[in-house]
Amino acid sequence: MVDGNPLLAVLCVTMVMSLADRDVCHDVTVVGGGIGGTYAAWKLRHHELNIGLYEFSDRLGGRFYTYRFPEAPDIPIELGAMRFNNELHPILSRTIQELGLKTGIFRNQDYFSDETMLFLRGVHFRNKDFSENHVPYNLRQNEGKGIQEIYRYLTQKTNFSGDVSSLQKEQPFIVSDDHVRLTDQTISGFFAKYLSEEAVELVANIYRFNLFNITAADVLQFIPKTDIFPVYMTISEGMQQLPEHLVKQFIGASRNHSVRTNHQLISITRNSVDGYTLGFMKTVTSDGKTSPTSQFISVCSQRVILTVPPPALLQINWETLQQRHILSTLKTLNYHVGVKVFLLYDYPWWRDHLIKSDIDSLNSYDSLHKCPKLKNQYSNYYDILHSGYIDNRYDEHIRPTLISDLPIDMTLDFGISNRTGRAVLLAAYSVHDLWSELQKNGEKLNLGHHSVSTEVVRHAHMYLAKLYNINMTVIPTPTAGVISHWDQYPYKEAFSTSKTGVDKETVWRTIHKPSAVDNIFIASGSYSKRTSDAWSEYCLEAVEGIISTYFGNN
């Protein structure tokens, strides 16, 4: 150890290693076994190259992470990526089809259908209630027709064409009608120009924006091209099937291909003989947590593709990454909390309470506004869903999505196990960081690194009781639960967005090949031409751009 720093000790070791000391050599080394790294390796599988894929943990897939409760093994629990759209995510969709993976409709559609339920300011209402202005907000006339109309109105205050398919090309040039680029202003600043405070709060409550950090260019991602909202799909056996099948075909394509898990890249040095020397520290994963060891290896490689998250990039000792303009570009990101809390119950207690509380709240609110007709309307909805639940047809339809201003943000019914009858509820799909603090208190509900704590369960039940308008004592004790918040290395947070004033074209040109004289590439959705890495499609776009430009099509 040098000055108490194990990484400095590793650098001293790797810099004096001779070529003969190296454990292995590759034509191409792909670092990072998430969706970007597995896709890059898969795309290069027929290029007649010796390719090595290296992953920090013991699991391939990164944020494609499917978990299964032992008591409900037929329900894939998605701790990370969980859905995609064929039109909006063409590379992902095409790859899934090419691999022959079975897909189905993601039944929890969190875009707004007429029946999407909202619980805001203590009131239950549905998206279609905007048409009658039966919402607990004091909106202006042009704001009271629904969230889609608010977004269309905002679009009209810019020079955006409205065609989402051309958004990426138009984005750097889109300005509001006061001639300020959207990338140079925050969402809150943009909204404040054209919306009432009530409308700003409504949008924030529904889409859970961090209004003060995200560039206003992200607003345009949510504007639908038509009144027909996109249908989201999922991989039937779990989204993690995608990276696993990519790796399977990659390994099967050549004996020269290899995969090594539990390897953390810590240094890159150029040598005069065969490209680069990569210093890896071996790690060990126990109960889902990955930690460093004192064992190191050295790998030589002609070319390197880095597909690791930004916090991991900042930990790599490579002189190029230490250059001031590169380092400042790497730090052009905002990091955002994203938490999922899944709870397993003996039965789907929420399905009946959901409908009853919905009707009760609506009736109470209706009488306040003298709209008695809604009672029959929602009673009919209750009859449809209740009969569907009784005769087991409920799961044949898209399940209701509940969006709230409670810290759980969004609640999704994940279904009933056909094998055991146990039911899974995504109790919190949240951007609030309180869950990470709650997870530090109480006892673990079950075994495993991702097990929720009893304190998380207690708070989840407290908010669910408000959401369903019931007493906490009515909610049964869950038999198991898991939580994901992606706050540990190498991720830091669930997703990132660009800071305001950032030119994504410049970021892409600077980062994807940070050294003009080196064959080292960075393929990251965080530094793609998009303003966010919230969808894996953007990472795949970055990989495609690098491979087509520097490796040729094969």
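Things worth noting here:
- Under a model in which nothing but the beta-carbon of Lys, Arg (+1) and Asp, Glu (-1) is charged, the stretch 137-222 shows a dipole of about 100 debye around its Cα centre.
- Gap separating the Cα centres of the stretch 120-134 and the stretch 460-531, nearest whole Å: 30
- Relative to one another, the C-alpha centroids of the stretch 228-258 and the stretch 28-42 are positioned 12 Å apart.
- Counting Lys and Arg as +1 and Asp and Glu as -1 over every other residue whose Cβ lies under 13 Å from the Cβ of SER515, the net charge comes to +2.
- Taking label positions 7 Å along the Cα-Cβ direction at both THR320 and GLU115, the computed distance is 5.3 nm, reported to one decimal.
- In this simple spin-label approximation, GLU98 and GLU437 carry label points 7 Å from Cα along the Cα→Cβ vector, and these lie 4.7 nm apart.
- Subtracting the Cα-Cα distance of GLN249 and VAL175 from their residue separation scaled by 0.36 nm leaves 22.2 nm.
- Each of the peptides 140-151, 236-247 was scored by the mean count of other Cβ atoms within 10 Å over its residues; in descending order, highest first, they stand as 236-247, 140-151.
- Cα gyration tensor shape for the stretch 80-164, rounded if a/c is under 1.5, else prolate or oblate: oblate
- Among the listed pairs LYS289/LYS440; LYS289/LYS492; LYS444/LYS492; LYS169/LYS504; LYS440/LYS499; LYS492/LYS529, a Cα-Cα separation exceeding 19 Å is found for LYS444/LYS492; LYS440/LYS499; LYS492/LYS529.
- Based on every Cα atom in the stretch 137-222, Rg and the maximum pairwise Cα distance Dmax equal 12.1, 37 Å.
- Net length gained if the chain between ASP163 and ARG270 were fully extended (0.36 nm per residue, minus Cα distance): 34.0 nm
- Extension gain for ARG152-SER196 works out to 14.3 nm (0.36 nm per residue, less the C-alpha to C-alpha distance).
- Dipole magnitude (debye, nearest 20) for the stretch 246-313, charges at Cβ of Lys, Arg, Asp, Glu: 140
Each reported figure results from applying straightforward, stated rules to the coordinates on display, with no laboratory input. Everything numeric in this text was worked out from a predicted model, so none of it was measured. Glycine gets a Cβ as well: all are built from the backbone with ideal geometry, and neighbour counts include every protein chain shown.
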